[in-house]
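S.K.: Right, I'll just put the structure down here and ask away after.
Rule-based calculations on the coordinates, nothing more; no lab input. Please read these numbers as outputs of a predicted model, since none were measured by experiment. Neighbour counts run over all protein chains shown; Cβ positions are idealised from the backbone, glycine included.
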Amino acid sequence: MRIYETPAIRNVVLLSHSGDGKTTLAEMLLYRSGATKRLGHIAEGNTASDYEPEEVKRKASVNLSVLPVEWRDTKINLLDPPGYQDFVGEVISALRVSDVALVLVDASGGIQVGTDMMWKRAITHGLPRAIFIAKTDRENADVDKVMEGLQSRWGTSCVLAQLPLGMAHNFQGVVDLLTGVAYTGEGKRGEPPEEAKERVAAGRERLVEAIAETNDDLATKYLEGKEIPPEELRNAFKAALAEGKIFPVFVGSGLQGAGTEALLDALVDYFPSAAERPPAPVTDAGGERSMKLPCSSRGPLVALVFKTTADPYVGKLSFYRLYSGTLQGAAYLWNPTKGQQERIAQITVPRGKAQESVEALHAGDIGVVTKLAVTLTGDTLTTREASLVLSGLTFPDPLYSVALHPKTKADLEKMGAALNRLGDDDPSLRVSHEGDTGEVVLSGMGEAHVEVAKERLHRKFGVDIETGAPRVPYRETITAATRTEYKYKKQTGGHGQYGHVFLELTPLRRGSGIEFADRVVGGAVPKNYIPAVEKGVREAVQEGVIARFPVVDVRATLYDGSYHPVDSSEMSFKIAGLQAFKKGMEQASPALLEPIMTMEITVPDDATGDIIGDLNTKRARVLGMVPQDGLTIIQAEAPLAEVLRYATDLRSKTQGRGTYTMHFLRYNEVPEHLSKKIIEQAQEKVEKV
């Protein structure tokens with residue numbers, strides 16, 4: 001592969017609803033550009049993009065792939081992330097290192113749920129956007145109807161830049177409305193057909209008007225009826241796209257290939273290069289000084305690692321984008337976050353699962369390196385002299401959790417290290433050890449996300465696990481004050497054991513934890529034994545008396561006791577404190593507490609009623625609703641036990657259009673009828689053990 005200068009590099013992320021044709025289009029662009037000699041197909045599991053076994057099995061993308069295409073002395077790095085919302089972490093990584101988004105819309109289905117979400121994510125990342133109406137060869141394809149939907153949903157700045165010739169089974173190609181060139185087959189360019197010239201003229205007029213509206217000088221010429229020079233029009237079109245003032249719409253069929261060469265020409269002629277994007281914000285290693293870093297090969301070497309993956313054969317692969325500088329030959333780079341040097345043994349660029357060696361990379365380009373020691377996704381690589389840091393990657397909190405149970409002892413021994421490496425591969429996954437329940441919990445964005453992670457654990461690391469719903473971390477507390485006494489006395493020959501304590505247990509407000517106090521007077525319990533009593537109390541709160549859950553929100557006050565000058569010891573008073581607390585718990589009307597979560601649920605307006613009704617069945621409390629641009633944001637509180645699988649429930653009830661966030665809020669008392677059932681289940685588990 002050639003070495004490309006920064007102005008000749010395009011970084012384009014393909015975004016769409018799952019199944020709307022991203023991977024098929026990318027495969028055809030690779031084939032038409034000569035990057036691949038054989039056209040792959042999703043059904044056959046041989047595309048350059050979907051190469052992981054999990055993708056072949058599902059016939060859908062679950063990973064981000066980087067697919068460089070060379071066309072007319074330009075390198076186009078296509079980034080193909082999954083369209084399914086469970087794998088949003090891959091989308092975030094792709095958006096972070098792209099310069100422009102090409103959003104695919106199905107010619108027969110229009111804007112889907114995932115399409116709209118991807119569009120909004122591109123806005124959040126400040127990316128210019130263009131649109132590709134795909135699958136124009138399908139039955140019921142209707143570009144005019146899709147255009148109406150685009151302009152209704154995303155605004156009148158969505159303007160057709162290419163006119164389709166024919167439709168559905170008669171789809172023959174496209175006409176570039178700016179140049180008037182017709183693309184009617186592989187390598188065929190010429191004049192539009194006679195019968196299409198009137199439509200082409202009308203379409204060009206609409207496009208020129210839309211471009212002129214973004215530029216004052218052109219607007220004046222247009223209103224005065226003056227002819228706008230082609231080069232001036234092209235430059236204005238390119239500037240309007242880069243600045244997000246216009247969203248050009250291209251058309252074609254990734255499966256047949258019609259329109260794909262026109263798209264490649266548009267990517268070269270109209271899409272912004274890496275050099276034309278705004279400078280990247282950076283700070284020094286100490287975070288004290290910030291600046292803007294232009295994308296230039298003459299600047300200091302600064303790169304961002306945006307994806308990490310474990311390859312069973314070559315080890316860890318780290319994908320990076322060079323934001324500044326030039327990387328030549330073997331080099332040592334500095335990771336300012338980790339404070340450690342890393343070696344780049346060879347400069348390679350990825351194309352799907354393949355890698356190709358190059359002599360150098362210039363700013364704006366994307367490469368891959370093997371076996372970095374400490375660098376992870378989101379880290380910056382630079383020189384020790386420059387020591388600049390790019391902002392990292394921020395992933396959403398996971399929404400779906402499972403408890404992991406290794407199948408064998410060997411799996412248990414390997415599981416910890418494997419989960420750490422899995423987390424390095426995919427930072428949108430979270431692994432935690434829940435001390436309250438003793439479970440290892442894996443959390444992701446949805447059921448499919450976690451299922452793929454489970455398959456990778458087996459394939460990459462040889463770890464077999466079973467999954468189940470995590471146990472809810474209930475708590476126990478008391479609802480009434482009480483006084484209790486316990487005397488520990490034991491005589492076994494020689495020195496005996498003696499400890500005698502009086503405790504007062506008082507309920508505290510929620511979230512107070514456990515408090516210990518003493519108001520012993522007259523030395524009834526010697527001061528050197530009081531810490532032992534507290535130790536006994538704190539050991540007792542680890543396991544309650546009704547269902548063996550930890551105890552919270554109780555103050556234990558030692559107010560009296562007695563001791564023996566010979567037989568008393570720290571151990572005796574520790575046991576007395578522990579037993580006195582347990583005895584007092586039983587007397588103080590113990591109660592079960594459950595975690596309450598605060599939720600913010602965003603759904604389309606037409607789904608609001610169904611979601612409110614569903615929340616009511618989950619013992620949720622709706623706090624308020626805020627309308628926002630066709631959506632409703634519902635604020636609610638709900639018991640964790642009722643929303644453990646809410647990611648799946650919400651997706652089902654909104655056809656994937658709903659999103660939510662959830663965080664722990666507080667503990668509340670469990671209703672009595674549910675408390676009895678939970679206690680019975682806990683006792684059954686104890687009996688089985």
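S.K.: Among S290, A331, V268, pick out the residue whose Cα is farthest towards the positive end of the charge dipole of the chain, where Lys and Arg carry +1 and Asp and Glu carry -1 on C-beta, about the Cα centre.
M.R.: A331
S.K.: Leaving out same-chain residues fewer than 8 places away, which aspartates and glutamates sit with a Cα under 16 Å from that of K245?
M.R.: D99, E209, E213, D216, D217, E276
S.K.: If you don't mind, there's one more thing I want to ask. Ranked highest first by average number of other Cβ atoms within 10 Å, how do 545-552, 293-300 line up?
M.R.: Descending packing order for the listed peptides: 545-552, 293-300.
S.K.: A further question follows. With the contact rule set at Cα under 8 Å and sequence spacing of 6 or more, what percent relative contact order holds for the range 593-674?
M.R.: 47
S.K.: Within the range 204-248, name every residue whose backbone N is under 19 Å away from a label modeled 7 Å from Cα of R189 along the Cβ vector.
M.R.: From the range 204-248, the list is 204, 230-238.
S.K.: Next question. Using Cα-Cα distances under 8 Å and only pairs 6 or more residues apart, what relative contact order does the range 17-61 have, in percent?
M.R.: Computed over the range 17-61, the figure is 33 percent.
S.K.: Ordered by packing density, taken as the mean number of other Cβ atoms within 10 Å over each peptide's residues, highest first, how do 314-326, 31-43 rank?
M.R.: 314-326, 31-43
S.K.: If you place +1 on the Cβ of every Lys and Arg, -1 on the Cβ of every Asp and Glu, and leave all else neutral, what size is the dipole of the range 593-674 about its Cα centre, to the nearest 20 Debye?
M.R.: My answer is approximately 160 debye.
S.K.: Sort the following peptides by mean Cβ neighbour count (other Cβ atoms within 10 Å, averaged over residues), highest first: 613-620, 127-134.
M.R.: Ranking the peptides 613-620, 127-134 by packing returns 127-134, 613-620.
S.K.: Next up: With +1 on each Lys and Arg Cβ and -1 on each Asp and Glu Cβ, how big is the dipole of the chain about its Cα centre, in debye rounded to the nearest 20?
M.R.: 2020
S.K.: Relative contact order for the range 400-465: what is it in percent, counting Cα pairs under 8 Å that are at least 6 residues apart?
M.R.: Answer for the range 400-465 is 44 percent.
S.K.: Only four residue types carry charge here, +1 at the Cβ of Lys and Arg and -1 at the Cβ of Asp and Glu. Report the dipole size of the range 6-276 about the Cα centre in Debye, rounded to the nearest 20.
M.R.: 440
S.K.: Next question, about the same structure. Under DSSP H, which helices of the chain have Cα atoms covering 20 Å or more of the helix axis and a Kyte-Doolittle average no less than -0.5?
M.R.: In the chain, the long hydrophobic H runs are 197-212, 570-587.
S.K.: Just name one of I228, A48, I9: the one whose Cα is farthest towards the positive end of the charge dipole of the range 6-276 (beta-carbon charges, Lys/Arg +1, Asp/Glu -1).
M.R.: A48
S.K.: Hey, another quick one. Give the value in nm², to one decimal: projected area of the alpha carbon convex hull of the range 6-276, averaged over all directions.
M.R.: 13.6
S.K.: First measure r as the distance between the Cβ atoms of V181 and D144, then evaluate 1/(1 + (r/R0)^6) with R0 = 22 Å and state the FRET efficiency to the nearest 0.05.
M.R.: 0.50
S.K.: Would any residue of the range 472-514 have its amide N under 15 Å from a label point 7 Å out along Cα→Cβ of R621? List them or say none.
M.R.: 510-511
S.K.: Another question, then. What pairs in K238/K353; K75/K226; K145/K197; K22/K307; K338/K409; K353/K454 have C-alpha atoms more than 31 Å from each other?
M.R.: Long pairs (Cα-Cα over 31 Å): K238/K353; K75/K226; K338/K409.
S.K.: In cubic angstrom, how much convex hull volume per residue do the alpha carbon atoms of the chain span?
M.R.: Dividing the Cα hull volume of the chain by its residues yields 210 Å³.
S.K.: For the chain, what is the mean residue ellipticity at 222 nm derived from helices alone (per DSSP H run of n ≥ 4: -39500 (n - 2.57); sum divided by total residues; nearest 500 deg cm²/dmol)?
M.R.: -9000 deg cm²/dmol
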